[in-house]
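Only the coordinates and a few stated rules stand behind these numbers; no lab work does. Everything quoted here is computed from the prediction, not taken from an experiment. Don't worry about glycine lacking a Cβ; one is built from the backbone with ideal geometry, like all the others, and counts go over all protein chains shown.
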Amino acid sequence: MRFQPQKRPPLHRVAARAPLAVGLAVALSFSACGKKPEKSIPTEKTGHPSPTPIPVLPRKNYDVSKLFSQLLLKSSVSCQQSEQTAIAAAANTNSYELDITLHVLWPKAATTIGDLAAATPELPLLLPEMENLLQGVQPSPDFATLLANKERSLRSNLSMLQKLPYRDSLFDCQTILNLENGKTSRRALLIQAIMNVNTDGSDGDRNLDIDKLSATYQPQTNYRWSKTGSRPNPCLREFESRLALLDAEMGNGTMTPEVKSTLEKERVYVKATIEELKRWDFLVGTADPFIVIPSFMVGKSQGHPGIGDYAVVICRGKLYPAIIGDLGPGSKIGEASLRLCREIDPKSGADRRPVSRPEVTYLVFPGTAEKPFSNPDYRHWSERCHALWKEFGGNETADWHEWTSLEKPWPTPTPAPSPTPPPAPSPSDPPSSPEPTNNHSGTNPAAPSSSTPMTSPTNPPTP
């Protein structure tokens, strides 16, 4: 559906029903590609109130069906004859409007071997007891909660179409199942989802590269431990500078109450972040293997997963030991640290995920976190994941990835040069004469002595 601007287009209003009337017009600046509104005329000259400016798009063709990737747009035009003249019809917002109805068919959770294998084909071989594990299984209530959160997000963002998720982000979860091995009583939460990239985290005590290119980057993760060294967090200076700028800006007495409130909220956040960066060390997305799960899934009751729980990530036939290191929003699932993502696809980055179909299996072992949290020990993490996998009935011949540390040694500081001692006097040297007495008051060693002739700087001696 293309909108062709007329040679002399009128100012058209596009009013979607209910809350879309203003939101759609503002979000898309969508006004039938009309010309920019004229400057308002002062009321004292015309006697008429100044019209509210109508947002507009630049004058060019727009293919609306391609504005939102993978979102199918079906359009039609319905015209009827009214009893109103043009003046009356132009003033009636119902005479020219756009109705939007978003249709979504929510998926069911996979509960059979066939459905699970459609996402992760090697899963039945890796878990030989899968048939027994799935007997009488029902989808976890978290699956329904995830879809409810997605629907709530769609409703709140419908007036801003650019915020609607891509199709693969909307259908990011194949299933969420609570499973238990009846022989060993080992429980596990099985999630099949896509894999988004998490670059969060920073650590002042480990010399690691960090990636702050993501628009949602945060220097903290939920998995943290008390600082053990004196080196400052690499993000601390940035936030301290930000706090100083906020304090300077808030000193401006001409700001509106709305702006002041916004700055005050940001200042509270920045100040709290500074305190955390001084107190804690965190996981680092570029270096540590961890996964992220929605915050609503954590800590509701006994048996639910928590921060620090061990997890095995299964992707393309390979197993990756990990932990739950961070929490994410409640309307999406399937996320791992950049370190883990790049093992699957080296081209992964802040704007490129390694897997866009819900074919990654995350096997989380609730209640296995070891506290207090401490500096990551990849070898120990791997040993625990191997043992839990075995208890759950996993194939012992599976192909595992083993992590190595990316930490670099800190550069050795260059020692300051020692002062050179003055040469010892020779026995044949005559004794030095005493320093002339300085009769000037004060303690300035550069002040001239009274016995030293002074030369005016404006009258240099003639050579």
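As a calculated quantity, the FRET efficiency between LEU243 and GLN81 at R0 = 60 Å, using C-beta atoms, amounts to about 0.40. Annotation: Cα Rg of segment 224-282 relative to the compact-globule expectation 2.2 N^0.38 Å equals 1.35.
Look at where the Cα atoms of segment 277-314 and of segment 70-124 average out, and the two centres are 36 Å apart. For ASP211, the residues whose amide H sits under 5 Å from its own are THR286, ignoring neighbours fewer than 5 places away on the same chain, with H placed 1.01 Å from N. Distance between the 7 Å Cα→Cβ label points at HIS380 and GLU131: 4.1 nm. Packing around the peptides 244-253, 365-374, 294-303, taken as the average count of other Cβ atoms within 10 Å per residue, puts them in this order, highest first: 365-374, 294-303, 244-253. Amide H to amide H, with H built 1.01 Å from N, ILE293 comes under 5 Å of ASP326, GLY328, counting only residues 5 or more places away or on other chains.
How do the peptides 149-160, 325-336 rank, highest first, by the average count of neighbouring beta carbon atoms within 10 Å per residue? Intermediate values should be presented prior to the final figure.
Working: 149-160: 16.1, 325-336: 23.2.
The densest-packed peptide leads the list: 325-336, 149-160.
Relative protection proxy for 190-202, 119-131, from highest mean packing down: 190-202, 119-131 (other beta-carbon atoms within 10 angstrom). Summary value for segment 224-282: 69 percent relative contact order, contacts being C-alpha pairs under 8 angstrom separated by 6+ residues. When the pairs LYS108/LYS150; LYS163/LYS332; LYS371/LYS408; LYS150/LYS332; LYS271/LYS300; LYS318/LYS390 are compared against a 18 Å limit on Cα-Cα distance, LYS371/LYS408; LYS271/LYS300 fall above it.
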